[in-house]
Amino acid sequence: MNLVFLGPPGVGKGTQAALVVAAMRLLHVSTGDILRAAVKAGTKTGLDAKTYMDAGKLVPDDVVNRLIRERLSEKDTEKGVLFDGYPRTIGQAQSLDATFRELGRKIDAVLDFQAPDAVLVERISGRRTCGKCNAAFHLKFAPSKKGEMCDKCGGALVQRSDDRPETVQQRLNVYRKDTAGVGEYYRKAGTYAEIAAWRPIEQISSDVLVRVKKLR
Ligand code: AMP
């Protein structure tokens, strides 16, 4: 089974994705995570991507599509993939369709998580990540038991550089301009459902799991 999670930054796609991959034994493929790992490793792709990411802009399609094609050529993706944060443009959606056609695979469902901007800004501004083990926290909704330190490994919690208020509005603008149309692309393909993502996390997860389990 292959799933695509769409939605604006801060809507909680990553949190829901983690629950679904665990329940359904899928591979979590987040282009944001792949790009941040490349930045951390200091590769050429990472250095090029960082300029776009820090400005709240999209990394060019050819770079992201290449990363996804390479990832999908690996054997572990055969068990099924949950794409989180990809595709973000119509060009990326077309590239994924072409790659899947070549591989003889298909997208089973596209879930589009939606919430008003005020909810997104609140979720993004409180988001923190462990600089050491990458665990995710939220100052209000999922705080670490050790305050500013990770309660799993003791690492320092950091705010993503693109989660600062000055970049957040730009990311929301980019979403409206480039990514919102991707939902329409999949609506036409008939694999699309909207998820009301302003509800409490548990309600969203049970809704998502019911839908996804029906696909099995
Ligand atoms: P995310 O973690 O999904 O919010 O992504 C963080 C940043 O990485 C985005 O603001 C973009 O700069 C970049 N990025 C992640 N996924 C993509 C994508 N599919 N296409 C272009 N840029 C991306």
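Working only within region 16-54, note down all residues that are among the polar types (S, T, N, Q), free of Cβ contacts under 8 Å to residues at least 40 places away in the same chain and within 11 Å of the ligand (Cβ to nearest atom). 51, the sole residue that qualifies. Scanning region 20-38 for residues that are surrounded by fewer than 18 Cβ atoms within 10 Å (Cβ to Cβ) and part of a helix (DSSP H, G or I) yields 22, 23, 24, 33, 37. Only residues that are in contact with a strand residue (DSSP E or B) (Cβ under 8 Å, 6 or more places away or on another chain) and surrounded by 12 or more Cβ atoms within 10 Å (Cβ to Cβ) were counted across region 47-78, and they come to 4.
In this structure, residue 59 does satisfy being at pLDDT 95 or above and assigned to a loop (DSSP other than H, G, I, E, B). Has region 76-90 got at least one residue that is assigned to a helix (DSSP H, G or I), within 28 Å of residue 121 (Cα to Cα) and more than 8 Å from the ligand (Cβ to nearest atom)? Yes, there is a match, as at least one residue in region 76-90 is assigned to a helix (DSSP H, G or I), within 28 Å of residue 121 (Cα to Cα) and more than 8 Å from the ligand (Cβ to nearest atom). Can you tell me which residue within region 154-171, out of those that are more than 16 Å from the ligand (Cβ to nearest atom) and outside any strand (DSSP E or B), is farthest from the chain's Cα centre (by Cα)? Among those residues, the one meeting the criterion is 154. Within region 172-208, being among the hydrophobic types (A, V, I, L, M, F, W, C) and within 17 Å of the chain's Cα centre (by Cα) holds for 172, 174, 180, 182, 193, 195, 196, 197, 198, 201, 204, 208. The residue that is nearest to residue 93 (Cα to Cα), counting only those in region 133-153 that are part of a loop (DSSP other than H, G, I, E, B) and aliphatic (A, V, I, L, M), is 135.
The values are calculated or read from the model by the stated rules, or taken from the named source; none is laboratory data. Since the model is a prediction, treat every value here as computed from it, not as a measurement. For neighbour counting, all protein chains shown are included, and Cβ atoms are generated from backbone atoms with ideal geometry for every residue, glycine included.
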